[in-house]
Amino acid sequence: ISGRRAIRLYHRVLRNQNPILLGGQIVKSYRKELHINLPRRRGVVNITPQVQQAVDESGVREGLVLVNPMHITASVFINDNESGLHHDFEVWLEKLAPEKPYSQYRHNGYEDNADAHLKRTVMGRESVVTDGRLDFGTWEQIFYFEFDGLRDKRILIKVIGE
């Protein structure tokens, strides 16, 4: 790191912006966790406002947002905020990996959630930050899709950029 970059890095550390070195460039890194507990086994929650809030808090103007459900039976995806589409996802995923009979899966035993693991694998997409805002298509928003709820879950938001 050059002297100038070292000074910028030092100042960012002082401002608690968690800088990292990426491709020879110093960039900001910001981490935030959301906590969620759905009252039923499956459901979709729009988390776009919370993700944008994390982007705002990060100070990143250009970069990436990684949104990761920290549980292997949930997913984060970007699509249209329309309840009919969310219902269609539920029906389609249930056809791909039906919850019952539990005996059809080798994974089931302690917990009957093999279908949730499979459903999670199908959903997902990345997010981009441009000029300090989430950079979406016309109708896109970010959703958390729970396949095995009824307990506390966490969602990691990681913002990386300049």
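The values are calculated or read from the model by the stated rules, or taken from the named source; none is laboratory data. Fair warning: this is a prediction, and the values are worked out from it, not measured in the lab. So basically every Cβ, Gly included, is an ideal-geometry build from the backbone, and we count neighbours across all protein chains shown. What goes into the accessible areas is simple: the full protein's heavy atoms, side chains included, and nothing from ligands, DNA or RNA. Shrake-Rupley method; radii C 1.70, N 1.55, O 1.52, S 1.80 Å.
Given the convex hull over the Cα atoms of the chain, what projected area results after averaging over all orientations, in nm²?
Computing the convex hull of the Cα atoms and averaging its projections yields 11.4 nm².
FRET efficiency for residue 117 and residue 64, Cβ-Cβ distance as r, R0 = 22 Å, nearest 0.05? According to the calculation, E is roughly 0.25. Highest GNM mean-square fluctuation among 101, 19, 49, for the chain modelled with Cα contacts below 10 Å: 101.
For the pair residue 45/residue 110, report the inter-label distance in nm, with labels modelled 7 Å from Cα in the Cβ direction. A separation of 2.4 nm, rounded to one decimal place. Local charge for residue 156 was computed over the other residues whose Cβ lies under 10 Å away, with Lys and Arg +1 and Asp and Glu -1, and equals +3. Indicate the gyration tensor shape class of the range 70-120 (rounded, prolate or oblate), computed on the Cα atoms with a ≥ b ≥ c the square roots of the eigenvalues: a/c under 1.5 is rounded; otherwise a/b larger than b/c is prolate and the rest oblate. In terms of gyration-tensor shape, oblate. Compared with the alpha-carbon gap, the fully stretched path from residue 26 to residue 154 is longer by 43.2 nm at 0.36 nm per residue. Counting only alpha carbon atoms, the long axis of helix 3-14 and the longest principal axis of the chain meet at about 60°. Which net charge results for the neighbourhood of residue 34, defined as the other residues with beta-carbon distances under 10 angstrom from its beta-carbon, given Lys and Arg at +1 and Asp and Glu at -1? Net local charge, residue 34 excluded: +2. Quantify, in whole percent, the carbon and sulfur part of the accessible surface of the chain (1.4 Å probe; protein heavy atoms only). That fraction is 53 percent. Surface analysis of the chain yields an accessible area of 58 Å² per residue, using protein heavy atoms and a 1.4 Å probe. Once you order the gyration tensor axes a ≥ b ≥ c over the Cα atoms, which shape class does the range 82-162 get: rounded for a/c under 1.5, otherwise prolate or oblate by comparing a/b with b/c? Verdict is prolate for the range 82-162.
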